[in-house]
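Everything on this sheet refers to the single structure shown next.
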């Protein structure tokens, strides 16, 4: 019997969004420009809730993951994979119980994360339609990204090593970084857009993940033979650990947007279009 | 009989003049065989002083691209500006067309977006069309900024614009569609 381990790995996508939610919240507090207000109170509140949900998940999974790792290490070092020794059987039961707990906790918190992401998507989408969709043209959008509101816009801050340590620490790292560096509506717009797109995809995807975890959980409870379960569990735990304590986040690139202002082109003023 | 001879003579003369004038025009408007950008520009500007050479403008432009590619340099931008101005004066291209060409090749921002004054919810409804326009322009910017000017920083800036624009445009388009669906 096969357990759909990748679904748990994919689950990290949803949580990465919650991380980004934390970033964007911070950015909104400090960097909302005068002409583009993508982060109103409803958006900020939903992002804040999403961040809190991620923190809660981190706390609740930490203990069970530690237990699972300890048990798995013992199971492997004792050579229990091919043994029906009473101790090994007992150990398997313990691993099974903890793994079921892990799935329980994810299952319990999935609806809330899903709801938060949906609220974030809807609140942000509403603002995007209002601020960017109806009030602006494609040319305005480009000027916004270029930071040309009649004044020079500093480049976005370098992210550096902000993403280090725990998931909850990630929020603070981004928050501080944004407070130090950015006041560009362009950067804020790109972040908001990325968040919105991810939220849309993830809200749809979380439905599938929820269904697969339900199925996996049921199978686990019914499964009497261990088979490859331990290896699969190790993979799952590894994925969740990576999620909680660090992995490469491609969204860093979005924060590193370098919106340099073009140099004055006096010599070609007759040919340039603003 | 005499009248018929005169008519035939006139026709024959006319044909001779016509045949001899074609090579002359072609020669006057031919793509200059210059080996340097400066020499090519001087010769081309001279050609474009002739109103009949306007139809060769695109050939001049393409040849200047090829020459500039052989020696990428920031000063090439001036040569293109001068050629485009000469083309505008000649009437080969309109002022608007000239500005479009210059911006598409030598400005990091995207000209195709600058000219669209519709609201985004309307303007961005055709994603494939938007992406095609940005793709085409990015290729021109690669030629202009990178191959001709050798300006990596400005081309990277274009790439960054492209990347950001596609993300933001996708998000705006989706949010507009979602709002429309909720109505």
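The values are calculated or read from the model by the stated rules, or taken from the named source; none is laboratory data. Keep in mind that what you see is a predicted model, and the values were worked out from it rather than measured. Positions of Cβ are backbone-derived with ideal geometry, glycine not excepted, and every protein chain shown enters the neighbour counts.
Worth pointing out:
- For residue B:59, the stated conditions hold: it is farther than 23 Å from residue B:115 by Cβ, more than 14 Å from chain A (Cβ to nearest Cβ) and touching a residue at least 12 places away in the same chain (Cβ under 8 Å).
- Subset of the stretch B:145-165 that is out of contact with any helix residue (DSSP H, G or I) (no Cβ under 7 Å at 6 or more places or on another chain) and assigned to a helix (DSSP H, G or I) - its residue that is farthest from residue A:131 (Cα to Cα): B:153
- Every residue from the stretch B:115-125 that is within 15 Å of residue B:166 (Cα to Cα) and either crowded, with 18+ Cβ neighbours inside 10 Å or more than 12 Å from chain A (Cβ to nearest Cβ) (or both): B:120, B:121, B:123, B:124
- If you go through the stretch A:110-140 and pick out every residue that is touching a residue at least 24 places away in the same chain (Cβ under 8 Å) and either more than 9 Å from every other protein chain (Cβ to nearest Cβ) or in contact with a strand residue (DSSP E or B) (Cβ under 9 Å, 6 or more places away or on another chain) (or both), you end up with 12.
- Residue B:73 within 14 Å of another protein chain (Cβ to nearest Cβ) and in contact with a helix residue (DSSP H, G or I) (Cβ under 9 Å, 6 or more places away or on another chain): no
- Residue that is surrounded by the most Cβ atoms within 10 Å (Cβ to Cβ) [pool: residues in the stretch B:127-143 that are over 15 Å from the mean Cα position of the chain (by Cα) and away from chain A (no Cβ under 12 Å)]: B:131
- With a requirement of 1 or more residues that are assigned by TED's automatic domain parsing to the domain that holds residue B:168 and surrounded by 22 or more Cβ atoms within 10 Å (Cβ to Cβ), the helices (runs of 4 or more DSSP H) lying completely within the stretch B:29-113 that satisfy it span B:95-106.
- For the stretch A:105-139, residues that are farther than 19 Å from residue A:52 by Cα, in a helix (DSSP H, G or I) and within 30 Å of the chain's Cα centre (by Cα) total 10.
- Residue in the stretch B:148-162 that is crowded, with 21+ Cβ neighbours inside 10 Å and under 28 Å from residue A:121 (Cα atoms) present: yes
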